[in-house]
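Since the structure comes first, as structure tokens, the remarks are kept for the end.
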Amino acid sequence: APEVIIITSEGDPNGVEIALKGGAWDYIEKPPSLKNLTLPLNRALQYRNEKQRAKSSRSPINVQGIVGASPQLQAAIELLTQAANSDANVLITGETGTGKELFARAIHENSRRKESNLVVVDCASLPETLVESLLFGHEKGAYTGADRAGEGLVSQAHKGTLFLDEVGELPPQMQKAFIRVLQERRFRPLGGKKEISSDFRLVAATNRNLDRMVQNGTFREDLLFRLRALMIDLPPLRGRVQDIADITRYYLNKLEKRYGDEKRTISQEFFETLSKYDWPGNVRELVHALESALAASSTETTLFSRHLPMNIRIQLAQRSLTRKKKIPERQPESKNGLKTLAKLQEIRDEAMEKLERDYLKDLMVVTEGDMMKAAEISGLSRSRLYYLLKKHQIQRED
């Protein structure tokens, strides 16, 4: 893929954010001077040469279980490669079921630490009363029932990788404690007098908007800065529909082997149905649906859409129904005893404006002003969405 430089006559802060998050090299406002134009061009070419040289010298990485050839997934795999060749902290973001733990494991398995432990910590299930002991360990007698010393998860990750899954659920007091641990790689077990060192590499993951949590005061900004030295944002399945067929074949093959089933033929109708569904649970939901389809097909040799879970079939059938929104009747005006009507195009434009405005208001309510989520639901680009909100004077906060 080429490096992209955007030149625009209407510079917009939101446009800069969209462009750079989308992978653009630079964003230049018209009219650019010769220096402002040639400098990013030369730097982009220099960067590209270095990138190609580094890529040719890198050994191929193992991405077993990460299936798909879509540009969105390949961009994430490129970042995975960078993370595997580095020791920097990594933050993996994405909706539930997009494969965050799969990426974390791939980073570890392709890193220089692969011979040591990958320690997985589910922050959402840590009991608040024992979280410090579980993470940092404890000395004998540190609390009631501590009849022996216990090693913490951070110690177990020495020379390996510590994976904090659902890091947004980390209790506030532990967020503060973790800042120093990340900086010094040293900590004191509960009830202990001496500090312990642990040379671990940190990978964290979340399906929550940590920037918004920082604004709300529920997540520490200084911790967030330390977590995302490198950041990988995993695309939802509905954003890479072209990968569904490959993912389906991969997991059906695994499921058939696990249950000792005969290999099924997959009908075209089955694939078409899968591609029409939104998959709010992403790859995880797709795998569960395939498992259900295998059970429903029993001794049949071909999979059809009727074998899919009922909730998926009902939702798609409901969506296929056409709903006509009633437009208020307009009374024709009277002029010289003759009834006059507005032009059809005027009526049509007015109705469409109202439908568009109502839809955008509902969209902002449903997504609570989250532009990334709103763009995914509406199928609009974020730049187009910003334009329409501005056109109809709809505020995200409202």
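The values are calculated or read from the model by the stated rules, or taken from the named source; none is laboratory data. Keep in mind the model is a prediction, meaning the values are calculated, not measured. Neighbour counts run over all protein chains shown; Cβ positions are idealised from the backbone, glycine included. Areas reflect the complete protein model, heavy atoms only, side chains present, ligands, DNA and RNA absent. Shrake-Rupley method; radii C 1.70, N 1.55, O 1.52, S 1.80 Å.
Please state, rounded to one decimal and in Å, the Kirkwood hydrodynamic radius that region 39-147 gives when every pair of distinct Cα atoms enters the mean of 1/r.
Roughly 17.4 Å, rounded to one decimal.
Just add up the charged neighbours of Arg43: K/R +1, D/E -1, any other residue whose Cβ is under 11 Å from the Cβ of Arg43.
Around Arg43, the surrounding residues sum to -2.
Tally up the carbon and sulfur contribution to the accessible surface of region 80-238 as a whole percent, 1.4 Å probe, everything protein left in place.
Summing carbon and sulfur atoms, their accessible area is 45 percent of the total for region 80-238.
Could you pull out every one of the aspartates and glutamates with an alpha carbon less than 19 Å from that of Lys159, ignoring same-chain neighbours closer than 8 positions?
Excluding near neighbours in sequence, the set is Asp87, Glu109, Glu115, Glu151, Glu184, Glu195, Asp199.
Using alpha carbon centroids, what distance separates region 129-153 and region 214-243, in Å?
So the separation of the two Cα centres works out to 31 Å.
Local charge sum around Ala229 (other residues, Cβ-Cβ under 12 Å, Lys/Arg +1, Asp/Glu -1)?
With Lys, Arg at +1 and Asp, Glu at -1, the neighbours total +2.
So, in nm, how far is label Thr96 from label Asp261 when the simple model puts each one 7 Å beyond its Cα toward the Cβ?
2.4 nm
For Lys343, go through the lysines and keep the ones whose alpha-carbon is under 25 Å away, minus same-chain ones fewer than eight residues off.
Within the straight-line cut-off, Lys343 pairs with Lys324, Lys325, Lys326, Lys335, Lys354, Lys391.
Please turn the phi angles of region 342-349 into ³J(HN,Hα) values with the Karplus equation 6.51 cos²θ - 1.76 cosθ + 1.60 (θ = phi - 60°), one per residue in order, whole Hz, x for glycine and proline.
These are the phi-based 3J(HN,Hα) values: 6, 5, 4, 4, 5, 4, 5, 4 Hz.
Going highest first, how would you order 95-107, 307-319, 234-246, 373-385 by mean Cβ packing within 10 Å?
Per-residue Cβ counts within 10 Å, averaged per peptide and sorted highest first, yield 95-107, 234-246, 373-385, 307-319.
Given N residues in the chain, what is its alpha carbon radius of gyration divided by 2.2 N^0.38 Å?
Against the empirical 2.2 N^0.38 Å value, I get 1.25 for the chain.
Report the gain in length on full extension from Leu355 to Glu78: 0.36 nm times residue separation, minus Cα-Cα distance, nm rounded to one decimal.
95.6 nm
Based on the Cβ-Cβ distance of His288 and Gln64, what FRET efficiency does E = 1/(1 + (r/R0)^6) give at R0 = 25 Å, to the nearest 0.05?
Efficiency at R0 = 25 Å is approximately 0.75.
Using helices alone, what [θ] at 222 nm do you get for the chain, with -39,500 (n - 2.57) per DSSP H run of 4 or more residues, divided over all residues and rounded to the nearest 500?
-14500 deg cm²/dmol
Show Trp25, Trp279 ordered by accessible area, largest first, where the area counts protein heavy atoms only and the probe is 1.4 Å.
Per-residue accessible area, sorted high to low, gives Trp25, Trp279.
Using the Karplus equation 6.51 cos²θ - 1.76 cosθ + 1.60 (θ = phi - 60°), what ³J(HN,Hα) coupling, rounded to whole Hz, does each residue of region 121-133 give in order, writing x for Gly and Pro?
Result, rounded to whole Hz: 10, 8, 5, 6, 9, 6, x, 4, 6, 10, 4, 5, 5.
Counting only residues 5 or more places away or on other chains, whose amide H sits under 5 Å from the amide H of Gly160 once H atoms are built in the peptide plane?
Asn117, Arg201
Measuring with a 1.4 Å probe in the full set of protein chains, what accessible area per residue, in whole Å², belongs to region 50-109?
48 Å²
When the Kirkwood radius is taken over all Cα pairs of region 273-318, what Stokes-Einstein diffusion coefficient follows at 20 °C and 1.002 mPa s, in µm²/s?
For the chosen part, D equals 197 µm²/s.
Rounded to the nearest 0.05, what FRET efficiency do Ser320 and Ala88 have when you use their Cβ-Cβ distance and R0 = 41 Å?
Using R0 = 41 Å, I get an efficiency of 0.30.
How big, on average over all directions, is the shadow cast by the Cα convex hull of region 123-222, in nm²?
Answer in nm², one decimal: 6.5.
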